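The values are calculated or read from the model by the stated rules, or taken from the named source; none is laboratory data. This structure is a prediction, so every number in the text was calculated from the model and none was measured. Quick reminder, even Gly has a Cβ in these numbers, built from the backbone with ideal geometry, and neighbours come from all protein chains shown.
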Amino acid sequence: MARVKLDLTRDRELFAFIFARFIDGEFTGLKEGYALNRAPTLEAADFLARQIRDEIRHARMYRRLYEKLGLKNRAPRSSPLMSAILTPVTGRLWAEHCFLDKAIGERWVLYLMEWLSDSVADRLVVNNLKAIAKDEQTHIAFGEAETRCYATSPWRRYYLWGLFLRVDVALTILFRLTHRFFKKRYGSAAAKLLDDFFIVTRGQVAEDIADLLQVKNRRSWLQLVVCQLVFIVRYPFVGWWRNPRQNF
């Protein structure tokens, strides 16, 4: 698939949007402070503490990239709709958190960084993205290891697959809602980049997660609904509409 090339000057507004969303993502990562209360071992708690430091460092790096665009104002926050779609997917049990936030969420972020690195020629941007990507890979590896420790039975594996389907649906809704906005505001090149990235990455993430859980890569609405009901009943309404950036 031919890759659309972006220019930091020509596509300045698009990069401002992307870097602002990355900053949002790093603030979401600061919610690891809540996850510390559920860490099962001191080693796991120490990893989360290191991850929080990573997220703070990443936020500063993205802020510098944002300012490189000549924008001195504070990076705008996500819309309430985007926050509502994405915030509920971080999990409320330790295993759910590691699976949803790290094995899935960080994987999407990593693939987006790799996609952007191949789509822009600016060396400062590419070097920063590659440096951050190394940290994201360690976060993903930790999430995968914790997921394997939990997913020791067919029920648990298919339960987690159902939660993955919930994330997949949420991201698909977000993609469809933002497609026209991207094309209208940032041009056809940006819309093409978004389309290509989402289509390719969605398939790749599904393959990765199915392989991690050792389940068939098959989308089932029934499985999604059942697992989501279990997810809601365990911890109803906790953290569903909280914007992580409001707490820091």
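Has the stretch 94-104 got any residue that is surrounded by fewer than 19 Cβ atoms within 10 Å (Cβ to Cβ), in contact (Cβ under 8 Å) with a residue 24 or more places away in the chain and among the aromatic types (Phe, Trp, Tyr)?
yes
So residue 127 passes all but one of these: (1) more than 19 Å from the chain's Cα centre (by Cα); (2) part of a helix (DSSP H, G or I); (3) farther than 13 Å from residue 23 by Cβ; (4) modelled with pLDDT under 90. Which condition number does it fail?
(4)
Suppose the filter is of a type in the set (Asp, Glu), within 18 Å of the chain's Cα centre (by Cα) and closer than 22 Å to residue 128 by Cα; does residue 55 pass it?
Yes, satisfied.
Under 7 Å between Cβ atoms, which residue pairs at least 6 apart in sequence (or on different chains) link something in the stretch 203-215 that is under 16 Å from residue 140 (Cβ atoms) with a partner that is at pLDDT below 95 and not in a helix (DSSP H, G or I)?
Listed pairs, sorted by first residue: 206/217; 207/217; 210/216; 210/217; 213/151.
If a residue has to be free of Cβ contacts under 8 Å to residues at least 24 places away in the same chain and over 14 Å from residue 106 (Cβ atoms) to count, how many in the stretch 130-141 make the cut?
Within the stretch 130-141, residues that are free of Cβ contacts under 8 Å to residues at least 24 places away in the same chain and over 14 Å from residue 106 (Cβ atoms) number 1.
Suppose we filter 6, 65, 69 for residues that are buried (at least 19 other Cβ atoms within 10 Å of the Cβ), under 29 Å from residue 118 (Cβ atoms) and modelled with pLDDT of 85 or more; which single one remains?
Every option except 65 fails the conditions.
Using beta carbons and a limit of 9 Å, which pairs, at least six apart or on different chains, have the first residue in the stretch 160-178 and without any contact (Cβ under 8 Å) to a residue 60 or more places away in the chain and buried (at least 16 other Cβ atoms within 10 Å of the Cβ) and the second one in a helix (DSSP H, G or I) and among the charged types (D, E, K, R)?
Correct list of pairs: 168/202; 175/195; 175/202.
So which of 132, 140, 173 is touching a Lys or Arg at 6+ places or on another chain (Cβ under 6 Å) and among the hydrophobic types (A, V, I, L, M, F, W, C)?
140
Which residues, taken from the stretch 172-193, are modelled with pLDDT of 85 or more and out of contact with any Leu (no Cβ under 8 Å at 6 or more places or on another chain)?
Result: 172, 173, 176.
From the list 233, 225, 238, exactly one residue is loosely packed, with under 11 Cβ neighbours inside 10 Å, assigned to a helix (DSSP H, G or I), β-branched (Val, Ile, Thr) and at pLDDT below 90. Which is it?
233
Step by step: first the residues of the stretch 118-149, then only those that are surrounded by fewer than 16 Cβ atoms within 10 Å (Cβ to Cβ) and among the small types (Gly, Ala, Ser), then the one that is farthest from residue 10 (Cα to Cα). Which residue is that?
Filtering first and then ranking leaves 145.
Evaluate the stretch 133-153: report whether one residue or more is among the aromatic types (Phe, Trp, Tyr) and either at pLDDT below 90 or within 16 Å of residue 201 (Cα to Cα) (or both).
Among the residues of the stretch 133-153, not one is among the aromatic types (Phe, Trp, Tyr) and either at pLDDT below 90 or within 16 Å of residue 201 (Cα to Cα) (or both), which makes the answer no.
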